[in-house]
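Working notes, beginning with the structure itself.
The values are calculated or read from the model by the stated rules, or taken from the named source; none is laboratory data. Keep in mind that what you see is a predicted model, and the values were worked out from it rather than measured. Every residue, glycine among them, receives a Cβ derived from its backbone with ideal geometry; neighbour counts consider all protein chains shown. We work out accessible area using only protein heavy atoms, side chains counted, and drop any ligands, DNA or RNA first. Shrake-Rupley method; radii C 1.70, N 1.55, O 1.52, S 1.80 Å.
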Amino acid sequence: MPRRSIWKGSFIDAFLLRMKKKRESLLNRKIWSRRSSISPEFVDCSVRIYNGKTPVRCKITEGKVGHKFGEFASTRKRRLSRTNIETEKKRGKRKDLIGV
């Protein structure tokens, strides 16, 4: 489901449009524009998407076309829920939480 009106087209930053023309320059490029859409020209390219702290490596596949770059670089740290921590205590995987 597109978020923009169809007559406007998908949003792609100007510097990404310039990079599309030079296909070899797309390999391992840092991308700060998380709001830009992924176009079919980016398929099979490896890019690094900035998440606010460090660039996250991402391989662009056909399934990612039409999505935004920012969807594939999480800006939040993953935390285990309380139930997962308790089950790992029982198994002995998280020794740092037990105090050993």
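Odds and ends about this structure:
- Enumeration of residues in the range 45-61 that are in a loop (DSSP other than H, G, I, E, B) and farther than 10 Å from Trp32 by Cα: Cys45, Lys53, Thr54, Ile60, Thr61
- The range 39-54, residues that are in contact with a strand residue (DSSP E or B) (Cβ under 7 Å, 6 or more places away or on another chain) and either open to solvent by less than 50 Å² (accessible area, probe 1.4 Å) or more than 18 Å from Asp13 (Cα to Cα) (or both): Ser46, Val47, Ile49
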